[in-house]
Amino acid sequence: MEAVDFTKYPAEIQSAANKYEDFIRARLEPDLTQVIADRDAVYNRMSEYLKLKTHIETIRSQNLDELETKVDLGSNFYAKAFVPDTEFLFVNVGFGFHLQMTLSEADEFIDQKVKHMEK
C-alpha cells in the first residue's frame, strides 16, 4: 500500500489519517492475510475431492475391477499401490476420520462436501 503525504492537510486530518493507516496495518492487513490463507486451504481440499471424483469417473468409465496406481506419501514422494477391488474406497470425511464407501456413495458425498465448502 502506497503512503499518502498528509503534511499539507490540517493537524486533525493528519491525525485521523495516521489513525486509520495504523488500524489498516495493525488489524486489517493481518486479518486479510489469514482469510486468504484459510480460503486457499479450502480450495486445496476442494481440489483433492474433485480429483477423487475424477478418479471415480475413470474407474466407472473403464469398468476397472482392480487398479494399479501411485500414492502420494507427502512431499511429492510416491509409492506404487495395487487395489484388488475397486467396489469400495475410503474417503476422508474430516476430523481425521475415513469412511469406507461405495463409488456411488463417495460420488454423492463429494458433491455435498464441495457444495458445502463453496459456501
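For the chain, averaging the sequence separation of C-alpha pairs within contact (under 8 Å, six or more residues apart) and dividing by the residue count gives a relative contact order of 16 percent.
Exposed loop sites here mean chymotrypsin sites (Phe, Trp or Tyr not before Pro) with a DSSP loop assignment and at most 15 other beta-carbon atoms within 10 Å; the chain contains its longest site-free run at 7-76. Quick one: helix 103-117 against the long Cα principal axis of the chain, what's the angle to the nearest 10°, folded into 0 to 90? Helix 103-117 and the main axis of the chain meet at about 10 degrees. Compared with the alpha-carbon gap, the fully stretched path from LYS70 to ARG27 is longer by 11.1 nm at 0.36 nm per residue.
Here's how it looks for VAL83: its modeled amide H is under 5 Å from those of LEU67, GLU68, THR69, which are all 5 or more places away or on a different chain.
Report summary: the helix-based calculation at 222 nm, which adds -39500 (n - 2.57) for every DSSP H run with n ≥ 4 and divides by the residues of the chain, gives -17500 deg cm²/dmol. The separation of region 74-94 from region 23-47, counted between C-alpha centres, amounts to 30 Å. Looking at (1) 77, 30, 26; (2) 53, 28, 24; (3) 47, 32, 23, which value of Cα extents along the principal axes in Å comes from a calculation on the structure shown? Looking at Cα extents along the principal axes in Å for this model, the match is (1). Model label sites at LYS119 and SER104, defined 7 Å from Cα along the beta-carbon direction, differ in position by 2.6 nm.
No value in this document is a laboratory result; all are computed from the given coordinates. Everything numeric here is computed off the predicted structure, so don't read it as measured data. Here Cβ is always computed from backbone atoms with ideal geometry, including for glycine, and neighbour counts include all displayed protein chains.
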